[in-house]
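**Student:** Below is the structure I would like to discuss, written out as structure tokens.
The numbers here are math on the coordinates, done by the rules we state, and not lab data. Since we're looking at a predicted model, the values are computed, not measured. So basically every Cβ, Gly included, is an ideal-geometry build from the backbone, and we count neighbours across all protein chains shown.
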There are 2 protein chains.
Amino acid sequence: MAKILRVNMSDRSVKHEEVPEKYRLMGGRWLTSGIVSDEVDPLCHPLGPNNKLIFAPGIVTGTIAPTSGRVSVGGKSPLTGGIKESNAGTPWGQKLARLGIKALVVEGYPQDGKWWGLHITKDGVEFFPADEYIGKGLYEIFPDLFKRFGEKVSISAIGVAGEYKMAMAGICFNDIDNRPSRYSGRGGLGAVMGSKHLKFIVVDDQGGPGVEIANTKLFDIGRKKLTEALRTHDVTKPGGGLNTYGTAVLVNILNEAGGLPTRNFREGRFEGAAKISGEAMAEYCKTRGGVGRMGHPCHPGCVIQCSNIIPNPDGSELVSVIEYETTWAFGANCGIDNLDVIGKLTWMCNDIGLDTIEAGGTIAVAMEAGLAEFGDEERAIELMEEISKGTPLGRILGQGAAITGKVFGVTRVPSVKGQNMPAYEPRAVKGIGMTFAVSTMGADHTSGYTIAPEILGVSGKVDQFDKDKAELVRNFQHSTAFIDSSGHCLFIAFAILDIPSGFEGLIEECNGVLGTNWTAEDVMKIGREIIDTERAFNAAAGLTRAHDRLPEFMKYEKLPPHNVVWDVPDETLDAVFGE
Amino acid sequence: MAKILRVNMSDRSVKHEEVPEKYRLMGGRWLTSGIVSDEVDPLCHPLGPNNKLIFAPGIVTGTIAPTSGRVSVGGKSPLTGGIKESNAGTPWGQKLARLGIKALVVEGYPQDGKWWGLHITKDGVEFFPADEYIGKGLYEIFPDLFKRFGEKVSISAIGVAGEYKMAMAGICFNDIDNRPSRYSGRGGLGAVMGSKHLKFIVVDDQGGPGVEIANTKLFDIGRKKLTEALRTHDVTKPGGGLNTYGTAVLVNILNEAGGLPTRNFREGRFEGAAKISGEAMAEYCKTRGGVGRMGHPCHPGCVIQCSNIIPNPDGSELVSVIEYETTWAFGANCGIDNLDVIGKLTWMCNDIGLDTIEAGGTIAVAMEAGLAEFGDEERAIELMEEISKGTPLGRILGQGAAITGKVFGVTRVPSVKGQNMPAYEPRAVKGIGMTFAVSTMGADHTSGYTIAPEILGVSGKVDQFDKDKAELVRNFQHSTAFIDSSGHCLFIAFAILDIPSGFEGLIEECNGVLGTNWTAEDVMKIGREIIDTERAFNAAAGLTRAHDRLPEFMKYEKLPPHNVVWDVPDETLDAVFGE
């Protein structure tokens, strides 16, 4: 039977606990939010002794279900002050699951100033002094750790940003080639790990029991249906949009729609969009050759394979991966149209341990504050170096865009609940703006990717400017909460929204693993339960309807090229969750 | 008839408006909070175009009522995110009242980057370009402005901190000797003034109509009763505690009670207390001579006269004034026991335009973060210089203790709603802790000075550790809101709490000026109405019960010497305002 592994950093004690009945069917976000809700005081200091950090593989993570290598990380967020779940695609979660660990709960707070690493194997947990790794970049540490613990382990770690307890510090995981490049980036959970003086977690699943599957036959039926859907849908199929151009296939599409935030959300269209697009990346891979590759998987078993390795002019590795959000954050949003510079900035995020969305958004707000001109590539790199060094300026930036704006008295700060917006302009695409506003996570596109119908025409097409989207936003958030719990990548949504058998497959996979009889209705009910739990935590933490709002400037500044303001009524926002 | 003067910084237009009926009886805090509540969107950015800055003299300010030279300043606070009223004792408010101006409303937002000053006379308002004063200290600017506009005017201005839009920037007023030393310090209203590019406001009341008094006879009866009470009570009388030792008479008293926060609220008793006390200041004045003086009034007509001029060893002026809060903030709270250094730091606050409570609290949190050792006098001065220069480190510190703590990942940050606590330890004096928690203003002793009964035995003595104080805290906040509206200094409370005729006198003064027939019951009703208005604004701005709480560390860290934690139940806090 799977266990909950509880590690206390105060006394370095370890417990393998039976899974309580209430958690038995949970996984991923459902489980992290459940444990946070049950065990963390909503009014605790996020970096104090009473916050906890929860890692939970999804329900089917660790099985051969397609595109299911997600691990959720949860806790109280230092960035938003609310509950946080941030998931990553990596072999790490698969290995944790195969060790029979349903959740890893890190709690307590060491008093002696020392840093520690964990080594988790089938035989238990060992603590390793980690002081020797402090102050170093993740590109230096990861090879050392793989050398020390073996190439077949998987590693989670924080960079110096987490050591500095910066609110934009993410938790880094290795990809299939053991690079430090996959992130539970958002919400500053790396700072929570840093506050507990936990530097790394090595997982070795050799000899582990694997994931128990209650009904193998049903599971197999399900995974085949889902695989087929993924292999069929234009967005997710091999040779499809995501596989060919990566997530950055969206750059030209959003730019065309006037919804690509440019120069810190001053405009909705970027003149340099084509140069930072997925097409441009594919062209780099083709013409520069070398290690360059589109269609790279972030974890074994992914059908979509939307990651990439971007080459330098000489064919050597510039960085893996440049996502849509990243090329936008450092590109359009900073007025930079140079993919090599964007690659360099991405590499720095991976090395320092930063969320690329928050980092790019922060550089843009710093530009707004006059610390650099928009488009100043050199200065952008210098600002990232300040973060890396932890200078006073770096400490400001490391806290994210909202704090940077506050410190420099900037009013044009595109954040919600302290978290900077991702690469979609709320004024031009109303449903995603509503999602940013009401999400339990702060501004977060992965809370409910309404871009699918609003821009891509997936699951039908709705007008991007239409404001009557409370139901759409609600349904997307509920269904997404379930997907985040299943262990699948959110990108399966494209296929299962359009292909009913794909959605059936998802449910059958879960029923197969758990021995349940969930219907589509049950799945939406579970999604609603997860969101309700998260909202209750946030309310107790002091987040109200007033926090379910977009920043004021969007109401009075018209966004080119459509010259639109944020005009979704507050009543519509409040109607999303109907309280 | 008195008017509301409305100045729009967007187009530099000016309007003298009739006073709407609903504001006719209001003054001071009642009026600033009323206008803010009516005209400011609770969700606006505090530094954006839609915030407003309101100046309102009290109901009797500008008359010869004793100790009534207070002016309230209101707006949405950049520090707390809620409503803010901060009042100062200065001739400025008296002169504004004598020009027949019930409130000055500053609104709008200049787009051209230029700075402006206002010159308000009986003939109207003139705008003066103020760019020449930017970047300079207030000790340099004030003499220049008095030379330019005449020695008999009164001046309000912001220092460089307001120009930088720092959340600890106060609004400075001259004292009776035209020093830049009286402050509406708390809550960052100087940043709001800075966001509007308003550098100074000169008020010249020559030829002004004066304050209308509806019933001179009743007014005279009232002011005589109040004067007599002030001249009789041990705390407020000439030669009494406040007059002889200034507000810093409290240092030894609170230290004795174990409630003097020491080294960033790590302890409740400071070994160097005697050296930073009011008694020590009086000794300086006596032995050093020169300009040194205790018992200095901050505005004409004060009976109490608790301000001071602290001399250098050679008898020249070190600074005016070192208040209790100030000598504590830079003294005990930073582990500094050198009054000359505290004087220098106070002078810097006056010059830069800072709230001394927030500044000292921030230096203490910076010491907590490891930027200096507790007690390091030189480094404390250097940190203040960083603020003055607006370096990145200075920008962090300028945002106050809560943001400084956040940026450096400190968990021991004694703030509520973003505002740092004043000089009373909640764990050792429960009622003032409750006041800090539930005040609409963030941690603020002037919201309801329960120290009077809890420590000083004024209005009866209650046990400092007793937790059953919801009613006490409520009554103090309601009555204080009325005093803040009357134009009187809060220190009249000592006399009117113990001497019934003094309280009668206060009401008769107001009835005399306004032609009303208020009873003691009416006064408490008005106080309640003010608090309710402020709480409604805060609720709409997103402040909830979760914000009516003290910081978590006080619940689990025992405070020496009494080894007490914060243990007032949340239910008791919620019972204060009974919602």
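**Student:** Relative to 2.2 N^0.38 Å, what does the C-alpha radius of gyration of region A:331-456 come to as a ratio? Two decimals please.
**Tutor:** In units of the 2.2 N^0.38 Å rule of thumb, it is 1.05.
**Student:** Can you compute log10 of I(q)/I(0) for region B:476-539 with the Debye formula, treating each Cα as one identical point scatterer, at q = 0.16, 0.29 Å⁻¹?
**Tutor:** Calculated log10 I(q)/I(0) at the listed q: -0.51, -1.35.
**Student:** Out of region A:417-512, which trypsin sites (Lys or Arg not before Pro) are coil in DSSP terms and have no more than 15 other C-beta atoms within 10 Å?
**Tutor:** Listed in order of number, the matching sites are A:K461, A:K467.
**Student:** Among the residues of chain B, which one places its Cβ closest to the rotation axis that maps chain B onto chain A, and what is that distance in whole Å?
**Tutor:** Axis-proximal residue of B, distance in whole Å: B:P392, 2.
**Student:** What does the average come to when, for each residue of peptide B:406-416, you count the partner chain Cβ atoms lying within 10 Å of its Cβ?
**Tutor:** 5
**Student:** Going by a ≥ b ≥ c, the root eigenvalues of the Cα gyration tensor, does region B:282-334 fall in the rounded group (a/c under 1.5), the prolate group (a/b larger than b/c) or the oblate group?
**Tutor:** Taking the square roots of the gyration eigenvalues as a ≥ b ≥ c, region B:282-334 is oblate.
**Student:** Still on this structure, please answer the following. Shape call for region A:501-575 from the C-alpha gyration tensor, a ≥ b ≥ c root eigenvalues: rounded (a/c under 1.5), prolate (a/b greater than b/c) or oblate?
**Tutor:** oblate
**Student:** Just rank A:K196, B:K152, B:K102, fewest to most, by other beta-carbon atoms within 10 angstrom.
**Tutor:** Lowest to highest Cβ neighbour count: B:K152, B:K102, A:K196.
**Student:** Additional query: So if we plug the beta-carbon distance of A:D468 and B:E271 into 1/(1 + (r/R0)^6) with R0 = 56 Å, what FRET efficiency do we get, rounded to 0.05?
**Tutor:** 0.25
**Student:** Given Cα pairs under 8 Å that are at least 6 residues apart, what percent is the relative contact order of region B:29-78?
**Tutor:** 43 percent
**Student:** List every residue whose amide H lies under 5 Å from the amide H of B:N87, counting only residues 5 or more places away in sequence or on a different chain, with H placed 1.01 Å from N in the peptide plane.
**Tutor:** B:V73
**Student:** Compute, for region B:3-203, the length of the dipole vector about the Cα centre, with Cβ point charges of +1 (Lys, Arg) and -1 (Asp, Glu) only. Units Debye, rounded to 20.
**Tutor:** The dipole magnitude comes to about 400 debye.
**Student:** In what sequence do A:Y245, B:Y139 fall when counting other Cβ within 10 Å, fewest first?
**Tutor:** Ordered from fewest to most neighbouring Cβ atoms within 10 Å, A:Y245, B:Y139 come out as B:Y139, A:Y245.
**Student:** Return the sequence-ordered ³J(HN,Hα) values of region A:379-384 in whole Hz as given by the Karplus equation 6.51 cos²θ - 1.76 cosθ + 1.60 applied to θ = phi - 60°, using x for Gly and Pro.
**Tutor:** After applying 6.51 cos²θ - 1.76 cosθ + 1.60, I find 5, 4, 5, 4, 5, 5 Hz.
**Student:** Quick check: the distance between the Cα centres of region A:63-102 and region A:172-200, to the nearest angstrom?
**Tutor:** Region A:63-102 and region A:172-200 have Cα centres spaced 11 Å from each other.
**Student:** Further question: I need two numbers for the protein assembly as shown: Rg to one decimal and Dmax as a whole number, Cα atoms only, in Å.
**Tutor:** In Å, with Rg to one decimal and Dmax whole: 31.0, 97.
**Student:** Okay, next question. Relative contact order for chain A using alpha-carbon pairs under 8 Å, separation at least 6, rounded to a whole percent?
**Tutor:** So the answer I get is 17 percent.
**Student:** While we're looking at this one, here's another question. Stick to the Cα atoms of region B:103-254, pair each with every other, and give me the Kirkwood hydrodynamic radius in Å at one decimal.
**Tutor:** It works out to 18.0 Å.
**Student:** Here is a follow-up. May I ask you to sort A:I357, A:I309, B:I499 by Cβ crowding, counting other Cβ atoms within 10 Å and putting the fewest first?
**Tutor:** Ranked by crowding around the Cβ, least crowded first: B:I499, A:I309, A:I357.
**Student:** Using alpha-carbon positions, what is the distance between the centroids of region B:258-333 and region B:526-579, in Å?
**Tutor:** 30 Å
**Student:** In addition: Which ³J(HN,Hα) values in Hz, rounded to whole numbers, follow from the phi angles of region B:565-573 under the Karplus curve 6.51 cos²θ - 1.76 cosθ + 1.60, where θ = phi - 60° and Gly and Pro get x?
**Tutor:** For region B:565-573, the Karplus-derived couplings read 10, 7, 9, 6, x, 4, 4, 5, 4 Hz, x marking Gly and Pro.
**Student:** Largest first, please: the extent of the C-alpha atoms of region B:3-203 along each principal axis, to the nearest Å.
**Tutor:** Sorted largest first, the three principal extents are 41, 40, 29 Å.
**Student:** Using a 7 Å offset from the Cα along the Cα-to-Cβ direction at both B:D144 and B:K217, what is the distance between the two label points in nm, to one decimal?
**Tutor:** In this crude spin-label approximation the distance works out to 5.4 nm.
**Student:** While we're on this one: Assign one of three labels to chain B, namely rounded, prolate or oblate, based on the Cα gyration tensor with a ≥ b ≥ c the square roots of its eigenvalues; rounded applies when a/c is under 1.5, prolate when it is not and a/b is larger than b/c, and oblate otherwise.
**Tutor:** Note, shape of chain B comes out rounded.
**Student:** Considering only Cα-Cα distances, which of the following residue pairs are longer than 31 Å: A:K406/A:K555; B:K152/B:K196; A:K122/A:K389; B:K122/B:K147?
**Tutor:** Over 31 Å Cα-Cα: A:K122/A:K389.
**Student:** Now a separate question. Hey, for A:D340 with labels 7 Å out along Cα-Cβ, what do the inter-copy distances come to in nm, ordered shortest first?
**Tutor:** Result for A:D340, in nm, nearest copy first: 6.0.
**Student:** If amide H atoms are built 1.01 Å from N in the plane of the peptide, which residues on other chains or at least 5 residues away come under 5 Å of the amide H of B:Q419?
**Tutor:** Placed amide hydrogens put B:A443 under 5 Å from B:Q419.
**Student:** Quick one: compute the contact order of region B:235-385, relative version, from alpha carbon pairs under 8 angstrom and 6+ residues apart, as a percent.
**Tutor:** Answer for region B:235-385 is 21 percent.
**Student:** Further question on the same structure: Got the B:G124 label distances to the other copies yet, label 7 Å along Cα→Cβ, in nm, shortest first?
**Tutor:** Spelled out, the distances from B:G124's label point are 8.7 nm.
**Student:** Which trypsin sites (Lys or Arg not before Pro) in region A:481-575 pass both tests, a DSSP loop state and at most 13 other beta-carbon atoms within 10 Å?
**Tutor:** A:K558
**Student:** Right, next: Quick one: plug the Kirkwood hydrodynamic radius of region B:30-142 (C-alpha pairs) into Stokes-Einstein at 37 °C, 0.692 mPa s, and report D in µm²/s.
**Tutor:** Approximately 212 µm²/s, per Stokes-Einstein.
**Student:** Something else now. Where the label is 7 Å out from Cα toward Cβ, how close does A:V14 come to the same position in every other copy, in nm, shortest first?
**Tutor:** Ordered by distance, the counterparts are at 7.6 nm.
**Student:** Hey, what do the phi angles of region B:394-399 turn into as Karplus ³J(HN,Hα) couplings, whole Hz, using 6.51/-1.76/1.60 and θ = phi - 60°, x for Gly and Pro?
**Tutor:** Values per residue, Gly and Pro as x: x, 5, 4, 4, x, 7 Hz.
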